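Only one structure is covered here, and it is reproduced in the block below.
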Amino acid sequence: MATNTTRRGFLGLVGASVLVAGCAEKKQLSKGTAVAADKLKSLVPTRIPFEIPGLKPELAGSEFVAPGFLTRPAEMVQAVTTKPLTSGKEVTAMTPLWGTVPPGLGSNSYYDTVNERLGGVVRFNISDGNTYGQKLSTLLASGDVPEMICVPQWELIKIAHFTEAANKLFADLAPFLAGDKAKEFPMLANYDTAAWQYSVFGGVLQGIPWQNDPFPFATFVRQDILEELGLEHPKSADDLMELGKAITDPKKKRWAYGGIDQEVQRAMGAPREWRKKSDGTLEYKYETPEWAAHIELLTKIFEAGYVHPDVVANKDADNKAIFGSGQMIIYKDGLGAWHENLDRFLPDNPKFEQGIVAPYPAHAGGAPIVWRNEPASMFAFIKKGLGDARTRELIALANWTSAPFGTQEYELVFNGVEGKHYTVENGTIKQTALGRKEVAPTYMFLSGRPNANATSQYPELVQSLYDWEVGAAKVLDNDPFVGIRVETPSKMAGLVTPTEDKMQEIFRGKRPVSEWPKIVKEWQEQGGNEAREFYMKVARENGRL
């Protein structure tokens, strides 16, 4: 599953203002909050690792590298022996999907089987992941939320007053999960403590986290097409113009690039958010010369016609589909997109091959960096006011769907039913036509689970991803706020979309590059400088400045 910043629907200004009006009890804007990790311990579960007897990865994991499983376990352990849904009441849930919506209840044997194992029915409201932020904003403003809802971190940070909305609409989970109470839900107790700490909003434990990969994304290429063209991976950002020219051929409906803006930002050496300056203050990514350099380069790439027309016309275009068609050769995505794309495109195109590009610097010989992810990339929230019994039942549902790799529950959630949705050949999974039709990411969004590099149906992917992570772990960038749960001030959250919309207009020739300093100054005056003071206070209080 692709995690992280790859899911880039943008929240419009109207949505943000509606949310403020619908959820804020008081008129002043939220100034933001921050709680150090050690102060969150009383709110979150005590971690109890869930050990699966006999399960050992061929590729040992480390702090920043997921364990790699080149082969499929001979047997899967049943992690949860009781059915979590006992009330007989249907569960309503809203989740995103980046792909084709599967057949619904009554027409989907995957749903039938999972619901039978759960002991009740989950009715999903599946929404397009590319526009999920807009729907999420409208829904939160209305106050009419389903019983469970998935909220990605990259959407959450763009929503002004999200914490107020969460405190108003979603249940406090600490009475059920804090400390040793989590023993009742061992799959949830298995999460890293940092992921749980990052699920606290306004001093309240509210999110069930999707434990994050440490790496937000990478550059991916159509390896099969690059090899046909006799071309190599970019070794630096300096290679991107020449590579774009070599790949792009509109007559053959082939363009070099889709969305690569964040990878170019990273390559240029811009920070993910804030970084310390030599004078002891903080600067935001927009203010750095590296960010300005990325704008200059991307504008040239757009001007030269090397970006796919669908992406030029719509910054939220479905990059995966264009990539799969072979009309676009290079783009940025989360690490989970590798196996997602293989699942989606390989059955209809046996030549489809996706490669991952090693982190590259701005210029040849330079030192690359890799941005470091937050501890959690998504959250499942439970509606407030359902009563203890129903809340506990929904937590039990999340516990069931949180079962890690090596369990029967994980296998069913991710792959469906053996012999129906997939077969096992020589120890690897082969998805069937029915599996491709019916099994879509749904139940997995009701919780998270510890990371595992476990797509043994693609053993070369497992090894290649492991090798990439080993290399990327060596160049992880320092973040002054690692381990601190910082909730973005509302003014700053509300500035993300208008500021980056203007940046996107520069790429597309609707504004001159020379306007960027003015845009940065507006960002500073409208809330950026105020946010800097807040973040500097947080950094000082936690010994980071």
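The values are calculated or read from the model by the stated rules, or taken from the named source; none is laboratory data. These figures come from a predicted structure and were not determined experimentally. A quick note on method: Cβ atoms are made from the backbone with ideal geometry, for glycine too, and the neighbour counts reach across all protein chains shown.
Data for the structure
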| item | result |
| --- | --- |
| Residue within segment 212-224 that is surrounded by 21 or more Cβ atoms within 10 Å (Cβ to Cβ) and basic (Lys, Arg) present | yes |
| Helices (runs of 4 or more DSSP H) fully within segment 407-509 counting 2 or more residues that are under 20 Å from Ala218 (Cα atoms) | 459-473 |
| Residue in segment 372-386 that is surrounded by the fewest Cβ atoms within 10 Å (Cβ to Cβ), counting only those that are over 20 Å from the mean Cα position of the chain (by Cα) and assigned to a loop (DSSP other than H, G, I, E, B) | Gly385 |
| Sole residue being modelled with pLDDT under 95 and either touching a His at 6+ places or on another chain (Cβ under 8 Å) or acidic (Asp, Glu) (or both), chosen from Glu303, Glu340 | Glu340 |
| Any chance Trp154 is crowded, with 19+ Cβ neighbours inside 10 Å, more than 27 Å from Arg436 (Cα to Cα) and among the aromatic types (Phe, Trp, Tyr) | yes |
| Some residue of segment 393-405 being more than 26 Å from the chain's Cα centre (by Cα) and either closer than 22 Å to Lys83 by Cα or surrounded by fewer than 23 Cβ atoms within 10 Å (Cβ to Cβ) (or both) | yes |
| Complete set of residues in segment 346-403 that are within 27 Å of Tyr191 (Cβ to Cβ) and among the aromatic types (Phe, Trp, Tyr) | Trp371, Phe379, Phe381, Trp400 |
| Tally of residues being within 15 Å of Ala531 (Cβ to Cβ) and outside any helix (DSSP H, G or I) across segment 281-295 | 4 |
| One residue from Ala267, Ala194 being surrounded by fewer than 23 Cβ atoms within 10 Å (Cβ to Cβ) and either among the small types (Gly, Ala, Ser) or within 28 Å of Ala165 (Cα to Cα) (or both) | Ala194 |
| Selected residue [surrounded by fewer than 19 Cβ atoms within 10 Å (Cβ to Cβ) and either in contact (Cβ under 8 Å) with a residue 24 or more places away in the chain or closer than 30 Å to Glu353 by Cα (or both)] from Gln457, Gln463 | Gln463 |
| Those residues of segment 135-161 which are in contact with a Cys (Cβ under 7 Å, 6 or more places away or on another chain) and in a loop (DSSP other than H, G, I, E, B), in sequence order | His161 |
| Glu393, sole failed condition from (1) within 24 Å of Cys150 (Cα to Cα); (2) free of Cβ contacts under 8 Å to residues at least 12 places away in the same chain | (2) |
| Number of positions in segment 78-94 that are outside any loop (DSSP other than H, G, I, E, B) and under 17 Å from Asn399 (Cα atoms) | 3 |
